[in-house]
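The values are calculated or read from the model by the stated rules, or taken from the named source; none is laboratory data. Note that the coordinates shown come from a computational prediction; the quantities given were computed from them, not determined experimentally. Ideal geometry is used to build each Cβ from the backbone, glycine not excepted, and the neighbour counts take in all protein chains shown.
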Amino acid sequence: MGDGVRVRVVHSRKGKLLEEVVKNRTVEVALGEVQVEPGDTLDFVVDCLADPENDNFLWTPEVRMRSESWKAADGFRGPDPLLLDSWEKYVQVLLETNEFAFVD
């Protein structure tokens, strides 16, 4: 079992705005209104504590401005999965067998 993760929101001028340690629970992390000026950045940081093993997390920040909102899930998702044809799947299975895993 992991020891949890630490989540932080850091403003480029004002420093740390929020910090929360989360382990085996769901947490609603929310900030009130934050004043930003042109050139300011907000960093959403997640790091492990003492042990990185089994520290799974799911965090998709959303930033709301007066007239629009931005969701990290929309802008930072990985590439679409590769779809393999039948021969490619066959080759993948062959490469995972013991015969190909060890070279004499």
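How about segment 64-104: which of its residues are aromatic (Phe, Trp, Tyr) and at pLDDT 85 or above?
Of all residues in segment 64-104, those aromatic (Phe, Trp, Tyr) come to 70, 76, 87, 90, 100, 102.
Result: Trp70, Trp87, Tyr90.
Quick check on segment 1-22: of everything there that is loosely packed, with under 14 Cβ neighbours inside 10 Å and not in a strand (DSSP E or B), which residue is modelled with the lowest pLDDT?
Among residues in segment 1-22 that are loosely packed, with under 14 Cβ neighbours inside 10 Å and not in a strand (DSSP E or B), the one modelled with the lowest pLDDT is Met1.
Give Val34, Val29 a once-over and let me know the one that is hydrophobic (A, V, I, L, M, F, W, C), modelled with pLDDT under 85 and surrounded by 10 or more Cβ atoms within 10 Å (Cβ to Cβ).
None of the other options fit; the residue is Val29.
Take Asn24 and decide whether it is polar (S, T, N, Q) and under 16 Å from the mean Cα position of the chain (by Cα).
On the way: polar (S, T, N, Q): yes; under 16 Å from the mean Cα position of the chain (by Cα): no.
No.
Do any strands (runs of 3 or more DSSP E) entirely within segment 40-104 hold 3 or more residues that are within 16 Å of the chain's Cα centre (by Cα), and if so, which?
Fully inside segment 40-104 and qualifying: 42-48.
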